[in-house]
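Here's the structure, in structure tokens; my notes come after.
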Amino acid sequence: MLQSFQENKQRDVQWRGFQTQFGLYQMLLQDGVILMAEFVDHISPSITIEKVELNRSTFKEYAINPIGTPFQQQVWQAISKIPYGKTMSYLDVAFSMKRQSSVRAVATAIGHNPIAYFIPCHRVIRSNGEYGQYRWGVNLKQQLLDWERNNK
């Protein structure tokens, strides 16, 4: 159901910025729920930047609610099950969803993940073991995977 402008205006929406071991990271929260989070090159000067180490327990006090289609939601749910420090191929993700004929659609949904790190699209690699693409850069994807493997 669509909400009126007045109802949305009363909601607590805020941007938060962080300096992490991987670079700058910003989040959009609404009523204490993460709607979007991404690695960025810069953060608006109007946003206070806090220093934080990203790990499994960072921001665990927040729920996440990524905005996407029902199919995208299913894909993000599937990749959220990939264990910390492990990887899975795009094909394996499709098989885990019983959508093996939809590998390209699965890969596209992974590429549209709006919550970096906490929906771990960086853990999805190509079947041949190559890292493949990453919305925030292949070098960052490699850093995230190496860091997780070394910090279990």
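General remarks:
- MRE, 222 nm, helices only [DSSP H, n ≥ 4, -39500 (n - 2.57), over the chain, to nearest 500]: -8000 deg cm²/dmol
- Among the GluC sites (Glu not before Pro) within region 30-125, those in coil by DSSP and having at most 14 neighbouring Cβ atoms inside 10 Å are Glu53, Glu61.
- Over region 70-150, equivalent-ellipsoid semi-axes from the Cα gyration tensor in Å: 19, 13, 12
- Here the relative contact order of region 13-64, from alpha carbon pairs under 8 Å that lie six or more residues apart, stands at 37 percent.
- Convex hull of the chain built on C-alpha atoms - directionally averaged projected area, nm²: 10.1
- Summing charges over neighbours of Val124, with a neighbour being any other residue whose Cβ is under 10 Å away from its Cβ, gives +2 when K and R count +1 and D and E count -1.
- Binned Cα-Cα distance frequencies in region 13-64 - 5 Å width, integer %: 5, 21, 31, 29, 13, 2
Read the figures in this text as sums done on the coordinates, not as results from a lab. This is a predicted model, so every value here is computed, not measured. Methodologically, a virtual Cβ is constructed for each residue, glycine included, from the backbone with ideal geometry; neighbour enumeration extends over all protein chains shown.
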